[in-house]
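Have a look at the structure below before the remarks.
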Amino acid sequence: MSVEASMAAGTTARLRPDLALIAQWIPHGARVLDLGCGDGALLDYLSRERGCTGYGVEIDDARVLACVRRGVDVIQQDIEAGLGMFGAGAFDVVVLSMALQATHQTEKVLAEMSQVAAQGIVSIPNFGHWYHAWSILMGRMPVSREMPYQWYDTPNLHLATVRDFEQFLARLELSILRRAFLANGRTIERLPGLRATQAIYSFRRG
Amino acid sequence: MTALTVESQRMRFAEPLALASGAALGDYELVYETYGEPNADLSNAVLVCHALNASHHVAGVSADNPQDIGWWDNMVGPGKPVDTRRFFVIGVNNLGSCFGSTGPMSINAATGKPYGPDFPVLTVEDWVHSQARLADRLGIRQFAAVMGGSLGGMQALAWSTLYPERLRHCVAIATAPRLSAQNIAFNEVARRAILTDPEFHGGRFYEHGVVPSRGLQVARMIGHITYLSDDSMAEKFGRALRDNTERAHPGDYRFTFDVEFEIESYLRYQGEKFARYFDANTYLLITRALDYFDPARVAGGDLSQVLAHARASFLIASFTTDWRFAPERSREIVQALLKAGRRVSYAEINAPHGHDAFLLEDPQYHAIVRAYFERVAAEIAGGADER
């Protein structure tokens, strides 16, 4: 089912498009660890609609509070401090949505993700989008819906293109199980390297 | 909002309570207070466990003393994070304490004199068993939540494993799964101060009409240092000198060992105040209960094995500047709960006040507890039976 179809069905209507797509990749009843879980929307949906269990990890006070308000179990922690608190292989799926680009030790985070769960899912903004190239050609750093920051106040440290990221996964010996591309919230098939604003990957070790 | 006036109540237990030490305590009384109204099946009952020097007087104002405000009045009451318009909250004074429940100051029926040093050494688990008996008498089969901070948090944790089916939620704040060597060391300094006070008389000071006041003062002073953070002490006192007319010029040192700095004055004041109302034998007993608390001991140190018996959902919270029970200690509990597959939320509150923060009104801290208890209230209202 496409994101549009599922949103029409209403079940994931209130989820951010990349989360709605991620939710569809997560099996019923899975144990899920959601890193940088924000207000807990994904886990809330997964527990109500898919019988999943699990925890969110979040550093921000307001977001931790939002999780507690909606009854999502949340652990207040900096994901870069390590995932040692979560045992190896303790989860079926570990999710990191639209946060990897803001990590300092991006490689370490991905490596640790592959330890705590059999399957990892990551969504990233695609820096290779044509508009970004156009913006730079015009002499300005790009500002977009997925990356709404000015160059001087952005939390983003490690931006990548779709091809960069796939090479990165390969170098970490993580094999891609599924991939999907979104352009302004809609799935696209053709020329994702140029047209996708977000890319979503599911991967596993080896 | 007008303060809630509360009267304490008393329950007598004739049946002896078997203690961890092998001893038994026969014919004892527990003093408790309640706030809010019980619902039909008492499923909205919340037990609040107290820490070292607190009591059953959790919230509101004592009927017999309008100055006596409950120690957690900012947390428990109408419209407070633990809202007594929804919850029936119970505060109980622990056995061995000096605020009305049977303790070292009580008369031992066998001798006609105060127990003093003959009062049995108690553990956190003993307290929990005594609280469970009180719950039986009150007709509470299952608490909506058992909560506490510091030593109170340890009781809440013990509840979750000793009576897994009797609480839906466990709220443990600024606590630890066991004391560190450093924690025990501080307790031992406090105990030595009391035990070596000439007026302690081997714990039978009541019979001599005296109080080991100096020992209690030092015990309180050292305890108090561990409740505050370095930063909060620096901010509150710094190196400020005590205002004193004996100084030739303001700011001059006096070159004596009398009170010179504000911090000294503050600690002495706290010590003297404490020694006037707290019982020395109780101080020994409660610090020992702290030392002995180690639920993982029976499982070779594996806390997750013990917590795997729990059925409750957990809220664990710690404070960044607490060095008595630092966030790492709470994370040990969280890690064990994760390993045991229990439901748990963990908040690490950025507060400057050290261990004391659990008693203070921090917006993020109170918002988290409020939100959590709203979830608990919603479950009760919905009759939801989560795992």
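Laboratory data are not the source of any read-out in this text; all were calculated from the coordinates shown. Just so we're clear, the structure is a prediction, and the values are computed from it rather than from any experiment. Note that we place each Cβ from the backbone using ideal geometry, even for glycine, and neighbour counts take in every protein chain shown.
Could you calculate the contour length gain from B:ARG133 to B:GLU328, that is, 0.36 nm times the residue separation minus the distance between their Cα atoms, to one decimal place in nm?
Taking B:ARG133 through B:GLU328 to full extension adds about 66.9 nm, to one decimal.
For chain B, what is the convex hull (Cα atoms) projected area averaged across all directions, in square nanometres?
Averaged projected area of chain B's Cα convex hull equals 20.6 nm².
Assuming a viscosity of 1.306 mPa s and a temperature of 10 °C, what translational diffusion coefficient in µm² per second does Stokes-Einstein assign to region B:232-387, Rh being the Kirkwood radius over Cα pairs?
80
Going by how many other beta carbons lie within 10 Å of each one, how would you line up A:MET113, B:MET154, fewest first?
Going from least to most buried by this count: A:MET113, B:MET154.
Just counting partner chain Cβ atoms within 10 Å, what average do the residues of peptide B:343-353 show around their Cβ? Mind showing how you got there, number by number?
Values: counts 4, 4, 11, 9, 8, 7, 3, 2, 0, 0, 0.
Shielding by partners across B:343-353 averages 4.
Translational D (Stokes-Einstein, µm²/s) of region A:24-63 at 25 °C and 0.890 mPa s when Rh comes from the Kirkwood sum over C-alpha pairs?
The calculation lands on 240 µm²/s.
A:ASP164 versus A:ALA133, label points 7 Å from Cα toward the beta carbon: distance in nm?
1.4
Give me log10 I(q)/I(0) at q = 0.13 Å⁻¹ for region A:27-125, Debye formula, one equal scatterer per alpha-carbon, no solvent.
For the requested q values the scattering log ratios are -0.39.
Given contacts defined as C-alpha pairs under 8 Å and at least six residues apart, what's the relative contact order of chain B, whole-number percent?
Reported as a whole number, the value is 17 percent.
How are the alpha carbon pair distances in region B:23-73 distributed across 10 Å bins from zero to the largest one, expressed in percent?
Going out from 0 Å in 10 Å bins, region B:23-73 shows 20, 41, 31, 9 percent.
In terms of modelled amide H atoms, which long-range or inter-chain residues lie less than 5 Å from the amide H of B:VAL171?
B:VAL146, B:MET147, B:GLY148, B:LEU315
Regarding region B:165-254, what are the three Cα extents along the principal axes, ordered largest first, in Å?
Here the spans come out as 67, 41, 24 Å, largest first.
To check my understanding: the extent here is largest minus smallest coordinate of the Cα atoms along each principal axis. What are those three numbers for the protein assembly as shown, in Å, largest first?
Principal extents (largest minus smallest coordinate, Cα): 92, 67, 49 Å.
Can you compute the FRET efficiency between B:ALA24 and A:ILE59 using 1/(1 + (r/R0)^6), with r the Cβ-Cβ distance and R0 = 51 Å? Round to the nearest 0.05.
After rounding, the FRET efficiency stands at 0.55.
Quick check on packing: order B:105-117, A:147-159, B:190-202, B:322-334 by the mean number of other C-beta atoms within 10 Å, highest mean leading.
The most tightly packed comes first, giving B:322-334, B:190-202, B:105-117, A:147-159.
Return, ordered by residue number, the residues of region B:214-235 whose backbone nitrogen is under 14 Å from a label point located 7 Å along Cα→Cβ of B:THR256.
No residues fall inside that zone.
Can you find, among B:ALA176, B:PRO66, B:PHE325, the residue sitting farthest towards the positive end of the charge dipole of chain B, where Lys and Arg contribute +1 and Asp and Glu -1 at Cβ?
B:ALA176
Quick one: if the Förster radius is 22 Å, what FRET efficiency do A:LEU177 and A:GLU49 give, using the C-beta to C-beta distance and rounding to 0.05?
Efficiency at R0 = 22 Å is approximately 0.50.
Quick one: which residues, 5+ away or cross-chain, put their amide H under 5 Å from the amide H of B:VAL344? H built at 1.01 Å from N.
Counting only residues 5 or more places away or on other chains, the set is B:PHE314.
Considering chain B as a Gaussian network with a 10 Å cut-off on Cα pairs, which listed residue, B:VAL61, B:VAL82, B:VAL298, attains the greatest mean-square fluctuation?
B:VAL298
Under the definition of Cα pairs under 8 Å and six or more residues apart, what whole-number percent is the relative contact order of chain A?
18
Just grab the label-to-label distance for B:ASP291 and B:GLN9, each label 7 Å out from Cα along the Cβ direction, in nm (one decimal).
3.7
What do you get for Rg/Rh of region A:3-205 when both radii come from the Cα atoms and Rh is the Kirkwood radius?
0.95
Shape of region A:48-92 from its Cα gyration tensor (a ≥ b ≥ c, root eigenvalues): rounded if a/c is under 1.5, otherwise prolate when a/b > b/c, or oblate? Don't jump to the answer; show the numbers that get you there.
Details: a/c = 3.25, a/b = 1.06, b/c = 3.06.
Oblate.
Taking amide H positions as placed 1.01 Å from N in the peptide plane, with prolines and chain starts having none, which residues 5 or more places from A:VAL95, or on another chain, fall under 5 Å of its amide H?
A:LEU33, A:ASP34, A:LEU35, A:ILE121
Testing the spin-label approximation: label points 7 Å from Cα along Cα→Cβ at B:ARG141 and B:ASN74. State their distance in nm.
Distance between the two pseudo-spin positions: 3.8 nm.
Using the Karplus curve 6.51 cos²θ - 1.76 cosθ + 1.60 with θ = phi - 60°, work out ³J(HN,Hα) for each residue of region A:36-53 in order, rounded to whole Hz, and write x for Gly and Pro.
So the J values, rounded to whole Hz, are x, 6, x, 7, x, 4, 5, 5, 4, 4, 4, 6, 6, 9, 10, x, 7, 10.
Taking loop as defined by DSSP and a crowding limit of 13 other beta carbons within 10 Å, which trypsin sites (Lys or Arg not before Pro) in region B:269-323 fit?
Listed in order of number, the matching sites amount to none.
Give me Rg over Rh for region B:1-41, both radii from the alpha carbons and Rh done the Kirkwood way, two decimal places.
1.19
If R₀ is 25 angstrom, what is the calculated FRET efficiency for the pair B:ALA378 and B:GLU165, using the beta carbon separation as r and rounding to 0.05?
On the way: r = 21 Å, r/R0 = 0.83.
That pair, B:ALA378 with B:GLU165, gives E of 0.75.
Could you go through region B:122-131 in sequence order and give the Karplus-derived ³J(HN,Hα) for each residue, using 6.51 cos²θ - 1.76 cosθ + 1.60 with θ = phi - 60°, rounded to whole Hz, and x for Gly and Pro?
Ordered by residue, 3J(HN,Hα) equals 10, 10, 4, 5, 4, 4, 4, 4, 5, 5 Hz.
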